[in-house]
Structure formats: C-alpha cells, structure tokens
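A.B. asks: First the structure, which I've put down as structure tokens, then a few questions once you've had a look.
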Amino acid sequence: MQAKQLMIVLFQQLVTLIRLMAVTGKDLVPIILVVAFFQLAVLRQPFPDLGEMIGGLLLVTLGLTLFIRGLEMGLFPLGEAMADAFAKKGVLAWLLLFGFALGFGTTVAEPALIAVADEASKAAAEAEVIAADPVAMKQYATGLRYTVALSVGTALVIGVIRIIKGWPIQFFIIGGYLLVMILTPLAPDEIVGVAYDSGGVTTSTVTVPLVTALGVGLASVIRGRSPLIDGFGLIAFASLTPIIFVLVYGMLV
Amino acid sequence: MTWLDILITSLMGTIFDVAPILIILLVFQVLVLRQRPPHLKRILLGFAYVLVGLSLFLVGLEKALFPLGEIMAKQLTADAVRGLSDAEAMSAPDWTRYGWVYVFAAAIGFSTTVAEPALIAVTLKAGEVSGKALDPRGLRVAVAIGVAVGVALGTFRIVTGTPLPYYIIAGYLIVIVQTAMAPRAIIPLAYDSGGVTTSTVTVPLVTALGLGLASTIPGRSPLIDGFGLIAFASLFPMMTVMAYAQIGHWRAMHSEAAKEDG
C-alpha cells in the first residue's frame, strides 16, 4: 500500500516537472526553429556534434526549470516578504543597506552574467590583455561580476532614495547617459563592448522579480507614489549603472 | 572529462555563486528582522533546486548554447565569403555579402522576444494602466522589432568594424529627444523594456554569435568587436516603444481633429 502511494507521489512529481520543463522549453523553441530554418534552407552544411548539442539543450531546459522552481519555492517568497518588511519598517538606513545587499546578492547569482563574464575572460585572454591561464581568467571573470554586482547594489540605493523623494526618473537616466559618454573615451577600447553589454545582462531571472518586489512594496507604503511608475524605475537604474562601473573597472585594472 | 566530472565541477562553482545571496538573506532575517523564516524546510529545498538547476544550466550552456551561436556565426561567415580568395576577404570586407547574417540576427532577436513571458506580463499591465490607450500586442511587437533591428544593426557593426560607442551614443541622443516628446506615462515602461527583453537563454546565444562573428570575419578582434550585441538589444526597444506610443498619440489627436472638423 505504502509503495503504491510512493509511486503515485513520484509520478505526480514527474508530471509536474515535465509540465514545468515544457514551459521553460518554450524559450528555446523560437531559437531552434530559426536555427533549423537557416540550416535547412540557407546554409545546407553538415552540422557538427548534433547529439551533444541536443543533450546540452536538454540540460539547459532541465537546469533552468529546476532553477526557477527553486527560486519560486525559496528565494522569491523570502525576498519579497523581507522587501515588504523593510519598506514598512521605515528605517531609512536599514532600507538602503538591504537594497544594496539585495542588488549585490541577486546579481552575483545571475546565470546570464556568469556566462558572459566567462566569455569576456576568454576573449581577454585571447587578446592578451590578461594572462591565458585559468587562474587569471577566473580572477578577471570574478572581478567583472563583483563590479557589476556592486553597481546594481548602488543602483538600488539611488533608486530607493529616488522613490522616497519622488524625483523624476528622466534626470537620472539622462545624467547616467552623459556619464557614460564622458567615460567611454577615457576607458580602454577592450572594455567598452563588455561594459555596454553588462547593462542588459544583469537584469534577468533572479534580479528582476526581487527588485520589482522592493520597488512595488516601497511605492505602496509611501503615500502619493504609484507602484507601477516607481517600481519600474529600479530596473532602468540597474541596467545603467553597470555600464559606468565596468568602464571604471577597465580603467583601473 | 566525462559529463559527470563536468557536472560536479559546475556544482562546486555554483555553490560560491549562490552563497552571497543566501548569506545576505539569512543575516538580515536573523539580525534585523529577528524572525525565524516561515516554511524554512521548503526554502532550503528551494535553494538546493537553485544549486542543481544552475549547475545543469551552465553545463548545458557550455555544451549547447555557446557552440550553437559559434557554429551559426562560422557557417554564415563561410557562406558570405565563399568564392573569395583570402586576400580579397581580408581587404575591407564587403558588408553587402553578409545579408544572411543580418537576417539571422533579426530573426533570432524578434522570435525570442515576442514570446518572452516577462514581456507579455509587462505589456498586459501597461495596457491596463493606460486604459486601453496602449494595445499590449502592439507594444510587444514594438519591443520585438526593436530587438530585431538592434541585433541586426549590431552584427552590421561587427562586419564593418565601426566603433561601438558611436552607435550607442547616437542611440542615447535619440532616446533623449524622444523622451522630451513622448507621452509621459510611457517613459518608465520604455526605459524598462530594454532590460526586460534579454532573457537568460537569449543572452548567451547572442553573445556567442557576436564573438563567433568577430573571430571568423577577417580583420576583427573578439574583444573589441565581438561584444555589444546585448547593448544594441537593450537600447533599441526603448526607441521603438516610445515611437509606438508617439504614433498612437498622433493618431488619437488626428482622429479627434477629424471629428471636430466633421
């Protein structure tokens, strides 16, 4: 009897997992369709290691499914409850410190950033900007990721102050653009591409939901703030400050 | 290395990647809020999922998404320079030969964006807030077109080897001018649409495509020319979203004026 129940539970878990994988798999479908079309209709060349690639795509789907499921079970409810609690607590210093820590912590764990930082370190080693040994490359990639994480933490601190004060977002964004324009000619050429890309990379799976939770929680406890307008602003900041920080990182390293 | 070895190495690395956020949340929970987190078991199980999932994802990335972008870049470039001698290919690449590269980039950009769940959620909300002045589907297509044009232009830049800052700074200037003219309610959403579009699956693929192109097109350096596609993909949706809102605004004014005349 117990064995049968266990089987049923396992079966249900398996069905849930497959259903969730189908949802994640949807992200991959357009990519597979476009690549298949080009392979069959345009390039018509033999495709190397097809088996390995299909295995890899399955791992990507399974991995992302477990990752997102785990976030929904643990990190998101905990982070959202804490963001809400800190917003209501009303002690500015704690709120700012929490905002910084949240931005920093979520960015370090962002999968897309890990991937791009690794690629950047490989490219830097090939271009002989850094030594081509694993230790130096790992150091470069980690340095890059912590720089971006620091910048997202800073973005949240500025963003939280902006929500509290109700300053319009345009001035910050345009000010940030001007800073990027000034820093670009001063930074070494090799870092510019990586820096510009890091802005778009930071804000994905882990960071967006938690940061939005902080913005919305904060905007809903302060009178006269719209959760939608003020919640949005934090993401925009978090995609601008990494550019500035990585340009500076390139100047210092 | 076998797949198992790779998985274990990946898992070890992932623990260090995820540790900071775990420590931060626990420290704040215990020291500041002084509460035992509810459903502690479930949260810990969730973290175990995050660890395993991220490890598997990173291995899959290395085995599939990166090679995929690279192979496409190599084959498309080979297709473009077919029939040319090495010397001809080296001397100032003819950008018109790379047509399929731009089409591929635009197709990847459009198709991965238009079905992106985060984007669908944001556009539905925007439609609600605007009181049906903004059509969610139109907004989504506007963002997808922005990404498509952005990535395609980004590959054009890699092919021609022109400096990235020129494009991005020109883009910023256009965004600033548009900000002054666009309906106020759309501005935060437009700024945000840049960040929302680039998903965890798209970013590695597009990065690999750029690096692949830069390393196979004669005379390009991966580090200087290879990056920047993501920057294009996050910049252009801002422009197309504001343009979309502006067109809607003008149309509304126009039809009102027509009504008053009639």
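Only the coordinates and a few stated rules stand behind these numbers; no lab work does. Note that the structure is predicted; figures quoted are calculated from it, not measured. As a convention, Cβ positions derive from the backbone with ideal geometry for all residues, glycine included, and neighbour counts pool all protein chains shown.
A.B. asks: Once you sort the root eigenvalues of the Cα gyration tensor of chain A as a ≥ b ≥ c, which label holds: rounded (a/c under 1.5), prolate (a/b larger than b/c) or oblate (the other case)?
C.D. replies: Oblate, because a/c is 1.5 or more while a/b does not exceed b/c.
A.B. asks: Could you point to the residue in B:146, A:108, B:217 farthest towards the positive end of the protein assembly as shown's charge dipole, with +1 and -1 charges on the Cβ of Lys/Arg and Asp/Glu respectively?
C.D. replies: Towards the positive end, the residue furthest out is A:108.
A.B. asks: Taking the Cα centre of chain B as the origin, how large is its charge dipole in debye, to the nearest 20, when only Lys and Arg (+1) and Asp and Glu (-1) carry charge on their Cβ atoms?
C.D. replies: Dipole of chain B, to the nearest 20 debye: 780 debye.
A.B. asks: With each run of n ≥ 4 DSSP H residues scored as -39500 (n - 2.57), what mean residue ellipticity at 222 nm is computed for chain A after dividing by its residue count and rounding to the nearest 500 deg cm²/dmol?
C.D. replies: About -28500 deg cm²/dmol.
A.B. asks: A further question follows. When B:143, B:159 are ordered from fewest to most other Cβ atoms inside 10 Å of their Cβ, what list results?
C.D. replies: B:159, B:143
A.B. asks: From the phi of every residue in the range A:71-82, what ³J(HN,Hα) in whole Hz does the Karplus formula 6.51 cos²θ - 1.76 cosθ + 1.60 yield, where θ is phi - 60° and glycine or proline is x?
C.D. replies: 4, 5, 6, x, 5, 5, x, 5, x, 5, 4, 6
A.B. asks: Let me ask something else about it. Report, in whole Å, the centroid distance computed from the Cα atoms of the range B:30-77 and the range B:191-249.
C.D. replies: Going from one Cα centre to the other spans 23 Å.
A.B. asks: Same structure, new question: Which of B:147, A:194 comes first, and how do the rest follow, when ranked by fewest Cβ neighbours within 10 Å?
C.D. replies: So the ranking, lowest neighbour count to highest, is A:194, B:147.
A.B. asks: Taking square-rooted eigenvalues a ≥ b ≥ c of the alpha carbon gyration tensor, is the protein assembly as shown rounded, prolate or oblate, where a/c under 1.5 means rounded and, failing that, a/b exceeding b/c means prolate?
C.D. replies: In terms of gyration-tensor shape, rounded.
A.B. asks: Once you charge only the Cβ atoms, +1 for Lys and Arg and -1 for Asp and Glu, what is the size of the charge dipole of the range A:61-168 about its Cα centre, to the nearest 20 debye?
C.D. replies: I would put it at about 540 debye.
A.B. asks: Give me A:179, A:28 ranked fewest to most by other Cβ atoms within 10 Å of their Cβ, as a rough exposure proxy.
C.D. replies: Fewest to most other Cβ atoms nearby, the residues stand as A:179, A:28.
A.B. asks: Of B:241, B:46, B:69, which is farthest on the positive side of the dipole of chain B, counting Cα position, with +1 on Lys and Arg Cβ, -1 on Asp and Glu Cβ, and the Cα centre as origin?
C.D. replies: Selected residue: B:46.
A.B. asks: Quick check on my link table: of A:26/A:122; A:26/B:41; A:138/B:41; A:122/B:74; A:88/A:165; A:89/A:165, which ones sit more than 24 Å apart, alpha carbon to alpha carbon?
C.D. replies: Table pairs above 24 Å Cα-Cα are A:26/A:122; A:26/B:41; A:138/B:41.
A.B. asks: Label the range B:61-261 by shape, choosing from rounded, prolate and oblate, from the square roots a ≥ b ≥ c of the eigenvalues of the Cα gyration tensor; if a/c is under 1.5 it is rounded, and otherwise prolate applies when a/b is larger than b/c, oblate when it is not.
C.D. replies: The shape class here is prolate.
A.B. asks: Let me know the charge dipole size of the protein assembly as shown about its Cα centre in debye, to the nearest 20, where only the beta-carbon of Lys, Arg (+1) and Asp, Glu (-1) is charged.
C.D. replies: That gives the protein assembly as shown a dipole magnitude of about 1760 debye.
A.B. asks: Once you've got the GNM for chain B with C-alpha springs shorter than 10 Å, pick whichever of B:234, B:221, B:55 has the biggest mean-square fluctuation.
C.D. replies: Sorting by GNM fluctuation, first place goes to B:55.
A.B. asks: Would you grab the residues whose amide H sits under 5 Å from the one on residue B:198? Only those 5+ places off in sequence or on another chain, please, with H modelled 1.01 Å from N.
C.D. replies: Under 5 Å from the amide H of residue B:198: no residue qualifies.
A.B. asks: Sort the following peptides by mean Cβ neighbour count (other Cβ atoms within 10 Å, averaged over residues), highest first: A:98-110, A:40-52.
C.D. replies: Averaged packing, sorted descending, gives the order A:98-110, A:40-52.
A.B. asks: Given the options A:74, A:23, A:62, identify the residue whose Cα lies farthest towards the positive end of the charge dipole of chain A (+1 on Cβ of Lys, Arg; -1 on Cβ of Asp, Glu).
C.D. replies: A:74
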